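In what follows, a single structure is set out as structure tokens and then discussed.
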Amino acid sequence: MNDENKGGKKSILVVDDTRTNVALLEAYLSKLYSVRVATSGELALEVAFSPNPPDLILLDVMMPDMDGHEVCRRLKEDERTRNIPVIFVTAKSEVEDETYGFSIGAADYITKPLSKSIVLARVKTHLALYDRTRQLEVRNDFIKKTFGRYLSDEIVETILETSGGLALNGEKRTVTIMMTDLRGFSSMCESLPAENVVNIINNYLKTMIDIILRHNGTIDEFIGDAILIIFGAPVKRADDAIRAIACATEMQLAMPGVNEWNRKQGYPEIAMGIGINTGEVVVGNIGSKKRVKYGVVGQNVNLTSRIESYTVGGQVLVSGTTAEACGDLLRIDGQMDVMPKGLHNKISIYEIGGVRGEYNVFLPEKSSVDWVKLREPLPVLFAIVTEKNIEPVIYKGNVVKMAADRAEIQSANLAPGQIPERFSNIKISLFDHGGTEITTDWYAKVMENIRNACSIPPASAIIVHNTSMPPEAARFLEDMMDAHKNPGNGHGPSDFIESFILRE
């Protein structure tokens, strides 16, 4: 309501160059409303564009210099005054005149000679409509600001244009679900100041959120450094699965930029794994009357999380249902048969290198692993990590081969049933050749396990992909690799340290 309104009255602007018409309208309106007067089109615009615009305008059509039609056009072209109701008050009563008035934005049309009851009824009706419009604008603005942090502009507009909005109850729907997670981020947080951790995660999330919203993904929630995203709710599209994979690919391609920012700030690099699954879930508003959130629940959400847990940094792994939904548009770089927790049978998951067609976006082709065999193995101790717990059994082993992002560890004291399963996580303590401890915080994921019964003595080996390692340990291993590649040279390739830090 405008500050100039007296006693809380609505403000009416009467625009007419004839004094008798102005006096008559003032007599009709002044007891109920605060009436302002403009005797020309120019003065009308000046009042309308002032800091205290009127709530409604009664506008004569036939005026010198600038007629009412031109005034109405200018009001409707300006965002500040576009929604103010304009009622033409004129002696021009032909159907063509009224039609033209409505076409340029008039809310109503009152013909002369004036009737007090008609004037008051029309003014009351359009003021009530204007109030409801402004309330709806405030509501929609709130929705846009709130949901706009999680949904694309297109999805928000679709929700606002739908009569039912978001259903209050849940519904079963087939969607594509994406789960992302930063590899080794939890262990990194333990060694960094809280402010640095917040800066790293905020920069990462800002980059990822922009990409997600650009692909019309719905951000369901942030779980620490993980993001849960839905494609297909609240708005379902035919290309939900394809769009999810294109989004995941672009997110991985954006990680070098994220890490470039981290390096400039003196922060460690981070790496992300992404799991995607397509299946039926329950979506809707979940919670109570006091606290409600739009979310997704069901076994397919859990399966997405399990698929993501198999990833290493830089990977996108998808379920068979997602791959099938995309047809022949995917570049599939690999296939694995796994038994996720909660399932009774193995499933196939696929490593995705990109998507053809409309999006045509791809990750770099994988190069062959450049292994370096150590002339003198490095001793290690390792334990299997289950969920968030470290098992109490400690195994001895030796690093016999290394590459930029992985290592081969042989152990003679692992019985066949004790060999860590593929995709299990282990924590490693690393020592130099003299037995001095280098680190106890090397984390890795088992990618292969081998039992060599023919060796003397029989030995087992595991190939591990590095997930997290302190910088000092990475430098030590860099020197080891460089010494075996180039004897006498104390410095190794510059990208080795980067590839060993935070790659889960």
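The values are calculated or read from the model by the stated rules, or taken from the named source; none is laboratory data. It should be emphasised that the depicted structure is a prediction, and the values quoted were computed from it without experimental measurement. Quick reminder, even Gly has a Cβ in these numbers, built from the backbone with ideal geometry, and neighbours come from all protein chains shown.
Got a sec? Which of PRO54, PRO64 is without any contact (Cβ under 8 Å) to a residue 60 or more places away in the chain, buried (at least 19 other Cβ atoms within 10 Å of the Cβ) and either of a type in the set (Phe, Trp, Tyr) or at negative phi (or both)?
The conditions single out PRO54.
Considering the stretch 58-110 alone, what residues qualify as being under 47 Å from the mean Cα position of the chain (by Cα) and assigned to a loop (DSSP other than H, G, I, E, B)?
Matches in the stretch 58-110: ASP78, GLU79, ARG80, THR81, ARG82, ASN83, ILE84, PRO85, ILE104, GLY105, ALA106, ALA107.
Considering only the stretch 351-388, state which residues are closer than 23 Å to GLU421 by Cβ and in a strand (DSSP E or B).
The answer is GLU351, VAL380, LEU381, PHE382, ALA383, ILE384, VAL385, THR386.
Could you please let me know if LEU56 is in the same structural domain as GLU137 (by TED's automatic domain parsing), more than 21 Å from THR111 (Cβ to Cβ) and hydrophobic (A, V, I, L, M, F, W, C)?
no
Looking only at residues that are more than 14 Å from PRO54 (Cα to Cα) and not basic (Lys, Arg) in the stretch 73-88, which one is modelled with the lowest pLDDT?
Looking at the filtered set, the residue picked out is GLU79.
LEU381 fails exactly one of the following numbered conditions: (1) more than 34 Å from the chain's Cα centre (by Cα); (2) crowded, with 17+ Cβ neighbours inside 10 Å. What is the number of that condition?
Only one criterion is unmet by LEU381, namely (2).
Would you mind stating whether ALA323 is free of Cβ contacts under 8 Å to residues at least 40 places away in the same chain, touching a strand residue (DSSP E or B) at 6+ places or on another chain (Cβ under 7 Å) and either within 30 Å of GLU421 (Cα to Cα) or outside any helix (DSSP H, G or I) (or both)?
Answer is yes for this residue.
If a residue has to be surrounded by 14 or more Cβ atoms within 10 Å (Cβ to Cβ) and not aliphatic (A, V, I, L, M) to count, how many in the stretch 316-330 make the cut?
Count: 5.
How about the stretch 412-466: which of its residues are at pLDDT 85 or above and of a type in the set (Gly, Ala, Ser)?
SER424, SER429, GLY434, GLY435, ALA444, ALA461
Quick check on this structure: which one of ASP97, ASP67 is more than 22 Å from LEU127 (Cβ to Cβ) and touching a Phe, Trp or Tyr at 6+ places or on another chain (Cβ under 9 Å)?
Only one candidate qualifies: ASP97.
Checking SER348 against (1) under 31 Å from the mean Cα position of the chain (by Cα); (2) assigned to a strand (DSSP E or B); (3) surrounded by 18 or more Cβ atoms within 10 Å (Cβ to Cβ), only one condition comes out false. Which one?
Looking at each condition in turn, SER348 falls short on (3).
Hey, ARG503 hits all of (1) at pLDDT below 85; (2) assigned to a helix (DSSP H, G or I); (3) surrounded by 13 or more Cβ atoms within 10 Å (Cβ to Cβ) but one; which does it fall short on?
Tallying (1) at pLDDT below 85; (2) assigned to a helix (DSSP H, G or I); (3) surrounded by 13 or more Cβ atoms within 10 Å (Cβ to Cβ), ARG503 fails exactly one: (2).
Of everything in the stretch 242-257 that's small (Gly, Ala, Ser) and under 16 Å from the mean Cα position of the chain (by Cα), which residue is surrounded by the fewest Cβ atoms within 10 Å (Cβ to Cβ)?
ALA254
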